[in-house]
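Here is the structure we will look at.
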Amino acid sequence: MKITANQYAKTLFELIDNKPSQDVEKIIYNFVRVVKKNKQIKLFPGILERLSFIWNNKYKIAEAKIISAEELNEKDEKKIKDYLKEKYKVEKVVISKEIDKNIIGGFIIKTGDDIVDQSISGKIKKLRENLIK
Amino acid sequence: MDKNYIIEQLKKQIENFETKTQTEKVGTVLEVGDGVAKISGLSDCMASEMLEFTNSHKSGDKLNTNKTESIYGVALNLEEGQIGAMILGAFEGIKEGDQVKSTGKILSIPVGENMIGRVINPLGQQIDGKGEIICDKFYPIEKIAPGVITRQSVNQPVQTGIKAIDAMIPVGRGQRELIIGDRQTGKTAIAIDAIINQKGQDMICIYVAIGQKESKIARIVAELEKKGAMEYTTIVLAGASDPAAFSFIAPYSGCALGEYFLDKGKDVLVIYDDLSKHAWAYRQISLILKRPPGREAYPGDVFYLHSRLLERSAKLNKDFGGGSITALPIIETQAGDVSAYIPTNVISITDGQIYLESDLFYKGIRPALNVGLSVSRVGSAAQTKAMKKVAGKLRLDLAQFRELEAFAQFGSDLDENTRRQIERGKRTVEILKQDQYAPMLMENQVAILYALTNGFLDDVAVEKIKVWEADFQRYLDSSAKEVLTLIAEKKELTEDVVAKLEKVIKDFKDIYQNGE
């Protein structure tokens with residue numbers, strides 16, 4: 001039976017969790033060799049994704065992507081971080097930012113599968129759908 | 001309407017418009033093809049949940065002005081890292097990387113009285129060009145069938161208007177009677193005749209066309225309109241050119257619509273034409289979703305595919321509205337092979353089958369019913385007493401005839417009794433022939449079958465039976481209306497009814513012989 005990306009990620013996480021960094025290096029080297037031997041190199045992006053998911057789950061980290069029309073100021077960023085901390089019950093929020101002029105104003109927060117759309121373009125779209133009804 | 005009023009209304013609407021901040025679950029399309037998409041993400045997705053595919057907002061077009069119609073899909077496979085979903089509609093516009101939103105709803109279709117007389121697609125949208133259908137209720141297309149306590153055994157007949165069926169293979173309201181036969185044996189014809197005959201019987205008919213040629217449906221609609229049958233009929237059409245997903249959900253949509261009327265306590269007749277194509281569509285989707293193929297490459301759950309659909313036909317008892325859904329599923333066999341996978345499955349689910357044969361069809365016996373192999377397991381409980389009385393003899397006559405048929409070639413060497421039985425059998429076969437689109441009322445059927453089984457036709461030449469019958473029916477309708485109404489009301493052949501009926505038959509025979 002073929003091993004799935006999720007299974008690889010779980011195993012790798014268990015191996016490297018709470019280990020000193022020189023051990024981790026060796027483990028990862030061996031891990032890559034095993035995956036290569038199994039001819040499943042193309043699973044790497046998936047494994048990486050699952051690994052970060054498992055890692056974040058364990059250490060209560062939320063990764064969020066914020067799309068805004070303009071650069072966010074510190075105050076807003078902190079507000080969003082607090083909101084996310086509250087929402088996902090995590091201790092740390094890692095944010096990556098993206099500027100997209102197409103959304104006109106406001107922001108969109110993407111966390112995993114969840115999306116919070118507070119952009120002007122999204123609102124206009126909803127308004128239009130509402131009016132058509 | 002006043003222009004200012006409209007503007008005011010619009011202003012109000014815009015002012016009152018609020019967007020609620022809510023978290024939406026999204027996923028992305030990994031791959032798409034053949035009407036099936038693989039989606040990553042959507043961690044909280046339910047089985048058979050409706051998904052909404054939206055084009056990604058990076059299309060350059062800021063507000064996405066001209067494309068608003070989103071395409072829906074249904075999650076079928078929930079796997080560890082991804083979801084397999086079938087796409088309902090044109091899947092050409094969906095690209096890899098597109099966003100998919102979960103809706104939190106199980107696939108439902110709009111239902112309502114306005115659906116009657118319309119041609120709709122399996123999503124409940126009109127396709128007959130008669131304008132949008134406004135409905136306020138939605139019913140899920142997949143629903144667990146009514147349970148034991150809500151049910152009642154079949155006690156009311158469905159009059160198909162076809163002599164051979166109403167007499168020998170009676171169908172009751174709430175029954176599931178399979179119509180099975182090769183291509184071109186008149187399976188659809190029986191179903192359409194049954195719909196036409198429901199006029200004035202307080203029945204709502206739903207004809208579900210699965211993977212059918214649109215030309216055929218156009219012909220059927222025209223015929224139903226001509227006969228005034230569209231007043232109580234809805235046609236659910238998944239055409240041959242529609243995606244397989246449409247063919248797959250069509251019978252469930254038709255059934256959901258039927259359940260709406262069932263809940264209102266009405267009697268519904270649903271025709272699934274045909275379930276072999278339904279199984280093919282499901283096989284296609286399953287194979288593309290990489291579900292393991294089994295016998296004849298069908299997936300493991302084809303039995304459940306049909307059993308859960310047909311189990312939804314029911315006769316409810318008084319406490320639950322007393323409505324019924326009668327199902328007439330149709331199965332097309334290949335070269336008369338009823339022991340193939342799908343036919344055996346559906347035969348075992350249904351309460352009987354009407355078996356049509358191409359040999360009989362080419363011999364000119366139409367409907368090409370094989371009386372020996374056709375059965376109705378529960379229908380006789382619902383048959384009217386009058387019909388039961390004449391039909392009992394009919395079956396016997398036919399069975400004896402079939403046994404003796406081989407001797408028929410000896411002609412004059414036969415003894416009197418055998419010869420008489422063969423002659424009677426020939427006339428019976430002749431009487432059971434019936435033209436398409438010419439369903440007959442129960443009382444007329446009883447009259448002619450009474451005449452037949454009691455030997456009134458034995459002195460009419462076999463070749464002249466058809467003409468005799470037509471003239472007899474005309475005579476009944478014009479000069480002997482009272483006997484017909486008596487049978488229709490009493491639904492029983494009491495002695496005085498029999499006496500009157502015999503007198504009518506004798507009178508007619510006298511006139512007929514003198515007229516000739």
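Bear in mind that the values in this text are calculations on the coordinates, not laboratory data. Because the structure is predicted, anything quoted here is derived from the model rather than measured. Note that we place each Cβ from the backbone using ideal geometry, even for glycine, and neighbour counts take in every protein chain shown.
Peptides B:114-120, B:279-285 ordered by packing proxy, namely the average of other Cβ atoms within 10 Å per residue, highest first: B:279-285, B:114-120.
Dipole magnitude for chain B: computed about the Cα centre from +1 point charges on Lys and Arg Cβ and -1 point charges on Asp and Glu Cβ, it is near 400 debye. Within the shell of other residues whose beta carbon sits under 11 angstrom from the beta carbon of A:Ile99, the net charge comes to -2, with Lys and Arg scored +1 and Asp and Glu -1. With θ taken as phi - 60° and the Karplus curve 6.51 cos²θ - 1.76 cosθ + 1.60 applied, the whole-hertz 3J(HN,Hα) list for region B:472-486 is 4, 5, 5, 5, 4, 5, 8, 10, 10, 4, 5, 5, 4, 5, 4 Hz, x standing for glycine and proline.
Starting from the Cα gyration tensor of the protein assembly as shown, multiply each eigenvalue by 5, take the square root, and state the resulting semi-axes largest first in whole Å.
Values: eigenvalues 847, 175, 70 Å².
Ellipsoid half-lengths, sorted descending, are 65, 30, 19 Å.
Look at where the Cα atoms of region B:397-474 and of region B:480-516 average out, and the two centres are 18 Å apart.
For the protein assembly as shown, DSSP calls about 60 percent of its internal beta bridges antiparallel. Shown here for region B:203-267: GluC sites (Glu not before Pro) in loop regions (DSSP other than H, G, I, E, B) with at most 14 other Cβ atoms within 10 Å, of which there are none. Each residue of region B:162-178 was assigned a 3J(HN,Hα) from its phi angle through the Karplus expression (A = 6.51, B = -1.76, C = 1.60, θ = phi - 60°), giving 9, 4, 4, 6, 4, 7, 10, 10, x, 10, x, 6, x, 8, 10, 10, 7 Hz with x at Gly and Pro.
To the nearest 10 degrees, how steep is helix A:74-88 against the longest Cα principal axis of chain A, on a 0 to 90 scale? Here the helix axis deviates by roughly 60 degrees.
Once the mean 1/r over all distinct Cα pairs of region A:60-132 is inverted, what Kirkwood radius in angstroms do you read off?
On the way: mean 1/r = 0.0776 Å⁻¹.
Its Kirkwood hydrodynamic radius stands at 12.9 Å.
With the Kirkwood sum run over all distinct C-alpha pairs, chain A has a hydrodynamic radius of 17.6 Å.
Here the protein assembly as shown is assigned +1 on the Cβ of each Lys and Arg and -1 on the Cβ of each Asp and Glu. Its dipole about the Cα centre then comes out at about 1860 debye. The trypsin sites (Lys or Arg not before Pro) found in region B:310-369 that occupy coil by DSSP, while having at most 11 further C-beta atoms within 10 Å, are B:Lys363. Working from Cα positions, state the angle (0 to 90°, nearest 10) between the long axis of helix B:495-515 and the longest principal axis of chain B. The angle comes out near 70 degrees.
Counting neighbouring beta carbons within 10 Å and listing from fewest to most, the residues A:Ser121, B:Ser70, B:Ser247 come out as B:Ser70, A:Ser121, B:Ser247.
Using just the Cα positions, wrap chain B in a convex hull and report its mean projected area in square nanometres, one decimal place. In nm², the orientation-averaged hull projection of chain B is 31.4.
Can you give the log10 of the normalised intensity I(q)/I(0) at q = 0.14, 0.18, 0.22 Å⁻¹, computed with Debye over equal Cα scatterers of region B:138-258? For region B:138-258, the Cα-only Debye profile gives -0.70, -1.16, -1.51. Size descriptors for region A:5-57: radius of gyration and Dmax over Cα atoms are 10.7, 29 Å.
Among B:Tyr5, B:Tyr298, the order by Cβ neighbours within 10 angstrom, fewest to most, reads B:Tyr5, B:Tyr298.
Per residue of A:112-122, other chain Cβ atoms within 10 Å of the residue Cβ number 5 on average. Residue-wise HN-Hα couplings along region A:99-112, as the Karplus relation 6.51 cos²θ - 1.76 cosθ + 1.60 with θ = phi - 60° gives them from phi, are 9, 9, 5, 5, 7, 6, x, x, 8, 10, 10, 10, 10, x Hz; Gly and Pro carry x. Sparsely packed loop sites in region A:1-61 (the chymotrypsin sites (Phe, Trp or Tyr not before Pro) outside DSSP H, G, I, E and B with at most 15 other Cβ atoms within 10 Å) comprise A:Tyr59.
Over all other residues within a Cβ to Cβ distance under 14 Å of B:Leu51, the charged ones net out to -2, with Lys and Arg as +1 and Asp and Glu as -1. The angle separating the long axis of helix B:442-453 from the principal Cα axis of greatest extent in chain B is about 40 degrees.
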